[in-house]
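To start, the structure under review is shown below, and the notes come after it.
The values are calculated or read from the model by the stated rules, or taken from the named source; none is laboratory data. Keep in mind the model is a prediction, meaning the values are calculated, not measured. Quick reminder, even Gly has a Cβ in these numbers, built from the backbone with ideal geometry, and neighbours come from all protein chains shown.
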Amino acid sequence: MAQMDFKTEEIAKTENFMAWKAYEPDEEVTFHVEFGRTTVHFYVEEWEEFMEFKADFTEIPIGTTGVLAETENYLASCEEVEGDNIYSIEMPGATLFFFEDDWKEIIELLRELK
């Protein structure tokens with residue numbers, strides 16, 4: 001099996017979450033966000049859309065419920081369930097759910113991304 005040699009670069013990090021990019025052997029750049037044990041991978045075009053999307057909700061006050069941001073491919077929302085705010089990010093192929101403490105940290109991470 002051939003070894004894959006590529007360079008990675010951390011672009012944002014909090015205590016529990018991280019974003020990084022990889023310079024692939026075929027000269028393509030990919031972006032990755034580690035939401036705990038789940039890593040979401042983006043090609044450049046997807047990353048650009050995600051960056052526009054995250055700009056729409058990262059300044060919304062914590063605790064706001066309802067739809068926080070929406071694009072053709074992404075949706076961020078918050079719903080109160082049994083007294084807890086449950087946040088979600090929907091994207092092609094996955095929906096991620098977060099409790100408020102994790103959401104605060106995710107917002108911190110996403111604000112660092114340029």
Point to revise | Number of positions in the range 33-49 that are more than 13 Å from Ile107 (Cα to Cα), touching a residue at least 40 places away in the same chain (Cβ under 8 Å) and in contact with a Phe, Trp or Tyr (Cβ under 9 Å, 6 or more places away or on another chain) | key: 2
Review point. Residues of the range 53-98 being loosely packed, with under 12 Cβ neighbours inside 10 Å, under 23 Å from Trp20 (Cα atoms) and either among the acidic types (Asp, Glu) or more than 13 Å from the chain's Cα centre (by Cα) (or both), which ones?
Key: Glu59, Gly93
Study note, to complete from the structure: When the range 1-27 is checked residue by residue, the ones that are exposed (fewer than 11 other Cβ atoms within 10 Å of the Cβ), acidic (Asp, Glu) and in a loop (DSSP other than H, G, I, E, B) are Asp5, Glu15, Asp26, Glu27
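Just a yes or no: is a residue in the range 34-51 β-branched (Val, Ile, Thr), surrounded by 16 or more Cβ atoms within 10 Å (Cβ to Cβ) and at pLDDT 95 or above? Explain how you work it out, then say what you get.
Within the range 34-51, the first condition is being β-branched (Val, Ile, Thr), and the residues that meet it are 38-40, 44.
The next check asks that each one be surrounded by 16 or more Cβ atoms within 10 Å (Cβ to Cβ); those that pass are 40.
Pick out the ones that are also at pLDDT 95 or above and you get 40.
So far as the range 34-51 goes, yes, one or more of its residues are β-branched (Val, Ile, Thr), surrounded by 16 or more Cβ atoms within 10 Å (Cβ to Cβ) and at pLDDT 95 or above.
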Point to revise | Qualifying positions in the range 13-27 - of a type in the set (Ser, Thr, Tyr) and either closer than 15 Å to Asn73 by Cβ or free of Cβ contacts under 8 Å to residues at least 24 places away in the same chain (or both) | key: Tyr23
Review point. Any idea which of Thr95, Thr30 is touching a Leu at 6+ places or on another chain (Cβ under 9 Å), assigned to a strand (DSSP E or B) and free of Cβ contacts under 8 Å to residues at least 40 places away in the same chain?
Key: Thr95
Review point. Looking at (1) hydroxyl-bearing (Ser, Thr, Tyr); (2) over 23 Å from Phe99 (Cα atoms); (3) surrounded by fewer than 17 Cβ atoms within 10 Å (Cβ to Cβ), which is the only condition Thr30 fails?
Key: (3)
